[in-house]
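The structure appears below as structure tokens.
The values are calculated or read from the model by the stated rules, or taken from the named source; none is laboratory data. If you're wondering where the values come from, they're calculated on a predicted model, not measured in any experiment. Here Cβ is always computed from backbone atoms with ideal geometry, including for glycine, and neighbour counts include all displayed protein chains.
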Amino acid sequence: MELVDVGTIAGVVRGRRRPGSVAFLGIPYAAPPVGELRFAAPVPHPAWAGVLDAGSPGATPQRTDNGDDSLVPEPSVAGESTLNLSVFTPSPEVGSGLPVLVYLHGGAYTSGSPASPWYDGAGFNRSGVVTVNVSYRLGFDGFGWMEDAPLNRGVLDWLLALEWVRDNIRSFGGDPARVTLAGQSAGGGAVLTLLTMPRAQPLFARAIVISGVATYLRPGQAHVLGRRLAALAGVEPTRAALATRTEKQLLAVQPLATAAADGTPAGPLGEIANTLVGGLPWGPVVDGDLIPLPTVEAVRAGLGAGKPLTLGSTDHEFNFAMNDLTDELAGEDAAEVLGRLGVSPADARAYASAHEQLGTAELLGQFASDRAIRGAMLRVAEARLAASAEQQNAAPTWLWAFSWRSPTYGGALHCLDLPFFFDALTAPRVAALAGPAPSQRLADEVHGAAVAFVTQGSPGWPAWAPGLGADRQPVISFTAGTGGPGGPGACTELRTVESTYARTRLASAAVPVTG
């Protein structure tokens, strides 16, 4: 195996050459967040002498593995230097000027790992794109409130990582002026947050949001949760007091702090209600400074309007999560169950009527999918279009839906699109999600659209445009097999919002996201 040395501002890193790709794993972009830096804003990693070996993944903020229970294999790696990134490049030569994709992983802001084999940049390297995977602080460490610590520490991690890319990516063959930011689930929410943050605007040129979640948490909510966690840990909500508790101790009380409030239905239904009504408890906080506005309001105000954006989701994001409730909810009236989750009677009846072909459990899953993810993507796209009327240099927006159904889960579920996006169908555990023979042709379509956007600025189908009407806007659907053998567009179908996303508006309005 050929070793490859590259110089960065902090020192020389040593990667490994693979067929068509060179991998540099676990490069620290920030000093380890321990000791005086625990609960502090990140600071650049100090310079090192000699050569830093970058042959294995860096330590991860995620401390426990979910094993085979997680949809995506995301290993945890022990160690203190958890703020690191991995660079995959086809040509580590200064001056290559290659486009760059920076990827932020998902995991509800409490889990996830950039070391997943699904996120390996080899597929994008084959297409001439440098890829960077970023770690960031999770849960309370990254987003929890305390009296004397900066809010949004995880967000500050993202910013520092992007600054590292700006300052160092030329050494890996990348062009810092051609950075596309991408993320899935909570990582997609991170992209939306950065898209609408003034401080982040100079650090990337385009954005891809995959099943993203909107940011809307307010300081008051963060205060309540932070005080609750500190009380459970038996200390005051200050840096000094919380520092007396180990990382393991705080992780143990973290789920207790976010448990469903009194009055929420007990059991699995209560967990659903807490998520649907309350949203993700940890995540970026709209502080009015670093993050000026909630996502949709910020987009409507024109923040990030000058950056081309693609937005996508799967058709059945969370339907599978309700499978265990199928028997329990059999015979229950779907509208009544939605009412118990806080949906108004009129909205509950309208949504149940629009999905009368679904059983109650699957309908709840579709409601969660539509409200939390698909509706958010639609609202952002519509807000971008509305803002473009008032912006002189508004950039285009493209919307897509991943509609191909998993043969093992029976739907187009959350995360199913990731191995197709990365062109990583042979990666470990893909077969468990996508079946034993996932379509390479579909991967070529999904990955090819991403490459086209990163390299050329357009994914290859019509962007949203004024004058078409809200329901007539174009949406590409990745379906697999809709065209003739070998013919163009064999795995895509151009649809409209009316035929693809219309019902999500019912779920989006049913339980308003107030924050």
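Of everything in the range 327-346, what is in a helix (DSSP H, G or I), free of Cβ contacts under 8 Å to residues at least 60 places away in the same chain and not aliphatic (A, V, I, L, M)? Give them in sequence order. Lay out the reasoning, then the answer.
Looking only at the range 327-346, we keep the residues that are in a helix (DSSP H, G or I), and these are 327-329, 334-340, 345-346.
After this cut, where a residue has to be free of Cβ contacts under 8 Å to residues at least 60 places away in the same chain as well, the list is 327, 329, 334-336, 339, 345-346.
Passing the criteria: ASP327, GLU336, GLY339, PRO345.
Restricting attention to helices (runs of 4 or more DSSP H) lying wholly within the range 361-446, give those where 2 or more residues are closer than 18 Å to LEU195 by Cβ and either at pLDDT 90 or above or under 19 Å from the mean Cα position of the chain (by Cα) (or both). Outline the logic, then answer.
Details: elements: 375-388, 418-421, 430-434.
Per the criteria, 375-388.
Take ARG349 and tell me if it is in contact (Cβ under 8 Å) with a residue 60 or more places away in the chain and among the basic types (Lys, Arg).
Working: in contact (Cβ under 8 Å) with a residue 60 or more places away in the chain: no; among the basic types (Lys, Arg): yes.
Answer is no for this residue.
From the list PRO474, PRO485, pick out the single residue that is at pLDDT 95 or above and not assigned by TED's automatic domain parsing to the domain that holds ASN125.
On the way: PRO485 fails: at pLDDT 95 or above.
PRO474 is the lone residue from the list that is at pLDDT 95 or above and not assigned by TED's automatic domain parsing to the domain that holds ASN125.
If I ask for residues that are within 13 Å of ALA47 (Cβ to Cβ) and outside any strand (DSSP E or B), which ones from the range 1-28 would you list?
Once the filter is applied, which keeps residues that are within 13 Å of ALA47 (Cβ to Cβ) and outside any strand (DSSP E or B), the range 1-28 yields THR8, ILE9, ALA10, GLY11.
Return yes when VAL129 is under 18 Å from PRO99 (Cβ atoms), β-branched (Val, Ile, Thr) and modelled with pLDDT of 95 or more and no when it is not.
Against the criterion (under 18 Å from PRO99 (Cβ atoms), β-branched (Val, Ile, Thr) and modelled with pLDDT of 95 or more), VAL129 qualifies.
Which one of the conditions (1) surrounded by fewer than 19 Cβ atoms within 10 Å (Cβ to Cβ); (2) closer than 19 Å to PRO117 by Cβ does ASP417 fail to meet, given that it meets all the rest?
ASP417 satisfies every listed condition except (1).
Does the range 311-336 hold any residues that are of a type in the set (S, T, N, Q) and over 25 Å from ALA214 (Cβ atoms), and which are they?
Within the range 311-336, ASN323, THR326 meet the criteria.
Aliphatic (A, V, I, L, M) and either in contact with a strand residue (DSSP E or B) (Cβ under 7 Å, 6 or more places away or on another chain) or surrounded by 23 or more Cβ atoms within 10 Å (Cβ to Cβ) (or both), is that true of LEU159?
no
Just a yes or no: is a residue in the range 310-322 buried (at least 21 other Cβ atoms within 10 Å of the Cβ) and under 20 Å from MET197 (Cα atoms)?
yes
Given ALA23, ALA47, ALA59, ALA40, which one is in contact with a Gly (Cβ under 6 Å, 6 or more places away or on another chain) and surrounded by fewer than 17 Cβ atoms within 10 Å (Cβ to Cβ)?
Sole residue among the options that is in contact with a Gly (Cβ under 6 Å, 6 or more places away or on another chain) and surrounded by fewer than 17 Cβ atoms within 10 Å (Cβ to Cβ): ALA47.
Identify all residues within the range 76-101 that are buried (at least 16 other Cβ atoms within 10 Å of the Cβ) and either within 16 Å of SER113 (Cβ to Cβ) or of a type in the set (Asp, Glu) (or both); write none if there are none.
Those that are buried (at least 16 other Cβ atoms within 10 Å of the Cβ) and either within 16 Å of SER113 (Cβ to Cβ) or of a type in the set (Asp, Glu) (or both): SER76, VAL77, SER81, THR82, LEU83, ASN84, LEU85, SER86, PHE88.
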